[in-house]
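For reference, the structure discussed in these notes is given below.
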Amino acid sequence: MTEKKQGGVSRQALILGGLAVVLLVLVILFFTGGIGEKVKRFVDAAVPKASDAAGGQAAAKTVTLFFLSDDDDFLHKETREIAAGPTDAEEAERALVELIKGSEKGFVSPLPPQTKVRQVFIGKDGLATVDFSRDITEKISYGSSSELAAVYAVVDTLAFNFKPVKKVVLLVEGAEKETLGGHVDLSRPFLPDYSLVAR
Amino acid sequence: MKISRIHRTARGAALAAALLVAAAVCPVSGDAAAGQDRRIQTMVIDPGHGGMETGAKGKFGNLEKDITLAISLKLKAIVERNMGFEVVLTRDKDVDVSIENRSAIANNRKAGLFISIHANGAVQKKAAGSETFFLSLNATDEETRRLAYLENNSSELQSRLDPSSDDDLMMILWDMAQTAYIKQSSRLAELVQEELDAMLGTRNRGIKQAPFKILTGVACPAILVEAAFISNPAEEQKLASADFQAKIAEAIYRGLARYLRVPE
Ligand SMILES: [Zn+2]
């Protein structure tokens, strides 16, 4: 009994020690990683923000969205301001909401306007998981071209604007789906593909 | 850590080798470069979509699923008339068939060729033309990169070695099996695209690669034909005509015939 307890105590000490190390690493990451990101965001936000100097407003971040044009088959970049922070995942969610909302310059969103972003999760392995409402599959009848455009507008928007994002998985209503509309395989993560983007 | 990885790779390689041997025994892999005919016993034609899943829709109400079925039935008739092998359709009426079941039909029937027929749809009304796809190798590239990355990342490696992650291994194996057919698929795509271009007078959008679900699960050379855009009103009206559908079928047949080196 005593022996067992002693074993328990030393295991506890080990766990506590481990936790301390993890905490230390997290603290270091928080400061070193955090500062770099803050500086970058500040620089990003400073340029286009100059005009709209509403005092005491939350920081903004400029993101690049990918839309279709009526005149060609490419994705076209359009910048947009979103509220900054606190996490990449929250910013990513706002960027996707803007992508769905559509263009301010006459481009077209490849996603149905009713689509809701249920959640964005960014893992530390660089895998971003985006969960859309079922509108993304039900409010449009995809052909191969429109389905590829929808998938890569999302993937490119996330990978282009958020450094930690290396690849993207799309879910619908919290579950894996075979495809959005019968064409593009959703079972594997997508890497960004900028070959679809106009120069 | 490194040893476990090698273990895993060796296991993968052994299984993959088994798959590749199986592929080599398969009658499809007669080497055309050596001047042999490519003899196949069964080919599968896959009319895209069906049932509740309509595919793309045209302004005049035409549905991709109906056009793909019409073209597929015509193609089946021409092939059966002119070639000595069995043609299996993944559906011959307006029903839902999951993509998984479509590739299962091809694999269970030991298909030597797989052609999926679609009509394209885009958000842009002006988008027009025909194109032929074969499987994108991106998935394989990604896996390679992932393995390289894992060599420097032990924590993720731990989770990868979890016995429950055998799915990943299966994926790698499928990729390797698919890779064996990529060259043949791209050749078939090229020939079919040339004939579509010659016969249809639609804009030539070329051959392309994409991660299409239907192409990932089929264990033989496989292409996906996108004949014109149902989302383009002018092309939709063409697609709805039996004449144009027959032309598409004929073009695919001619490309196929050149691929198989059967005299036309
Ligand atoms: Zn289709």
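The values are calculated or read from the model by the stated rules, or taken from the named source; none is laboratory data. It should be emphasised that the depicted structure is a prediction, and the values quoted were computed from it without experimental measurement. Methodologically, a virtual Cβ is constructed for each residue, glycine included, from the backbone with ideal geometry; neighbour enumeration extends over all protein chains shown. Please note that ligands, DNA and RNA were not included when accessible areas were found on the heavy atoms of the full protein model with its side chains. Shrake-Rupley method; radii C 1.70, N 1.55, O 1.52, S 1.80 Å.
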Self-check item: Filtered residue count, the range A:70-97, keeping only those that are part of a strand (DSSP E or B) and of a type outside the set (D, E, K, R)
Solution: 5
Exercise. Please work out if A:ASP193 is at pLDDT 95 or above and either facing another protein chain (nearest Cβ under 9 Å) or in contact with an Asp or Glu (Cβ under 9 Å, 6 or more places away or on another chain) (or both).
Key: no
Exercise. Could you list all residues from the range A:59-79 that are within 19 Å of A:PRO112 (Cβ to Cβ), more than 14 Å from every other protein chain (Cβ to nearest Cβ) and not acidic (Asp, Glu)?
Key: A:LEU65
Quiz item: If we keep just the residues of the range B:35-77 that are basic (Lys, Arg) and within 16 Å of the ligand (Cβ to nearest atom), which is nearest to A:LYS139 (Cα to Cα)?
Solution: B:LYS57
Quiz item: Would you call B:VAL225 within 26 Å of A:ASP70 (Cβ to Cβ) and either modelled with pLDDT under 70 or open to solvent by less than 60 Å² (accessible area, probe 1.4 Å) (or both)?
Solution: yes
Exercise. Kindly provide the set of residues from the range B:78-128 that are within 15 Å of the ligand (Cβ to nearest atom), of a type in the set (Gly, Ala, Ser) and in a loop (DSSP other than H, G, I, E, B), ordered by number.
Key: B:SER98, B:GLY121, B:ALA122, B:ALA127
Quiz item: Within the range B:228-264, how many residues turn out to be crowded, with 19+ Cβ neighbours inside 10 Å, farther than 29 Å from A:TYR152 by Cα and polar (S, T, N, Q)?
Solution: 1
Quiz item: What number of residues within the range A:122-133 satisfy the criterion of being among the acidic types (Asp, Glu) and either loosely packed, with under 15 Cβ neighbours inside 10 Å or within 11 Å of chain B (Cβ to nearest Cβ) (or both)?
Solution: 1
Quiz item: Given A:LEU171, A:LEU180, which one is within 16 Å of the ligand (Cβ to nearest atom) and more than 8 Å from chain B (Cβ to nearest Cβ)?
Solution: A:LEU180
Quiz prompt | Number of positions in the range A:134-163 that are within 21 Å of A:GLU78 (Cα to Cα) and away from every other protein chain (no Cβ under 12 Å) | solution = 9
Quiz item: Restricting attention to the range B:94-136, and to residues there that are facing chain A (nearest Cβ under 10 Å) and hydroxyl-bearing (Ser, Thr, Tyr), which single residue is most open to solvent (accessible area, probe 1.4 Å)?
Solution: B:SER98
Quiz item: Which numbered condition trips up A:GLY85, out of (1) away from chain B (no Cβ under 11 Å); (2) closer than 18 Å to A:PHE190 by Cα; (3) at pLDDT below 95?
Solution: (2)
Practice problem: Scan the range B:214-228 for residues that are within 14 Å of the ligand (Cβ to nearest atom), within 12 Å of another protein chain (Cβ to nearest Cβ) and not in a helix (DSSP H, G or I) and jot them down. | Solution: B:LEU224, B:VAL225, B:GLU226, B:ALA227, B:ALA228
Exercise. Those residues that are open to solvent by 10 Å² or more (accessible area, probe 1.4 Å), out of contact with any helix residue (DSSP H, G or I) (no Cβ under 8 Å at 6 or more places or on another chain) and either part of a loop (DSSP other than H, G, I, E, B) or more than 16 Å from the ligand (Cβ to nearest atom) (or both), I need them from the range A:134-159; list them, please.
Key: A:ARG134, A:ASP135, A:GLU138, A:LYS139, A:ALA159
Practice problem: Return the total of residues in the range A:109-121 being outside any loop (DSSP other than H, G, I, E, B) and either open to solvent by 40 Å² or more (accessible area, probe 1.4 Å) or out of contact with any Phe, Trp or Tyr (no Cβ under 7 Å at 6 or more places or on another chain) (or both). | Solution: 4
